[in-house]
Amino acid sequence: MTARLNQINIVVADMEAMTEFYRRLGLDIEAPMAGWAADHRSHVGDGSEAIDFDLDSLAFARVWNEGSSGRPGIVLGFQVASRSEVDRLHRELTAAGYRSQQAPYDAFWGARYAVVADPDGNPVGLMSASNPDRAAPPPPPPRTQGGRRPNPDPRSIARHRSGLPPEQLAKGAEAAVDVLERGRERREADPDRVRGAEVGDDAAGDELGREAAGVGMADRNVAAAP
């Protein structure tokens, strides 16, 4: 299987303005889960669309692409046949001189993911199919909603990113909820230690927030799985 274009992410500076524009073109743009309207919205189609269309905030783009420029732009996403193919193709492209923006890693939505820049510097995502058994709780939304960050239901975001039916995600989702509960208990027991996680754009706070949620995204060198 060759890489197949199946996703367009637009990294936006003004989520409301971008949502209004694309709704005028006929897209049904909604936030896939409570608390995420400021950071992530998608076209809600009937399932027949060949390409997934997403709007992501500048802050959220830095969560799934550590090499994000911090500016608005478009990320083209290509799906490949397997998790190991993400690593192989990333290795091939970087060996040919193309710049890596994000080394391959196991993303929280259950896919293997990497980003390489094309010759003009446009980010291009390489992603395997999502596996619900490999899904982890998402990090808290980067933007503060009403003074606090709600914890999204990992079943919602995993289902959205993977396209899998709810029953296939139940096993991983139950474990993810347990991890979120343990993270909440840690924050309540030692609030000073995780105070940085309340600052949406602070890198150290975001990293600690991921740790408290049990996401484990700090390790970008997870070995490839077949």
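The values are calculated or read from the model by the stated rules, or taken from the named source; none is laboratory data. The structure presented is a predicted model; accordingly, all values stated were derived computationally and were not measured. Cβ placement follows ideal geometry from the backbone for every residue including glycine, while neighbour counts extend to all protein chains displayed. Surface accessibility is based on the protein's heavy atoms, side chains included, excluding ligands, DNA and RNA. Shrake-Rupley method; radii C 1.70, N 1.55, O 1.52, S 1.80 Å.
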May I ask for the distance between the Cα centers of the range 28-85 and the range 92-136, given as a whole number of Å? 13
Quick one: work out the % antiparallel among DSSP beta bridges in the range 1-145, nearest 5. 70
Kirkwood hydrodynamic radius (C-alpha pairs) into Stokes-Einstein, the range 29-84, 25 °C and 0.890 mPa s, D in µm²/s: 189
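At 1.4 Å probe size, put 133, 46 in order of accessible surface, largest to smallest.
Working: 133 100, 46 120 Å².
Of 133, 46, the descending order of accessible area is 46, 133.
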Taking every pair of alpha-carbon atoms in the range 82-143, what share in percent sits in each 10 Å bin, from 0 to the bin with the longest distance? 23, 45, 26, 6
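Sort 70-80, 121-131 for me by packing, meaning the mean count of neighbouring Cβ atoms within 10 Å per residue, highest on top.
Numbers: 70-80: 16.1, 121-131: 19.7.
Descending packing order for the listed peptides: 121-131, 70-80.
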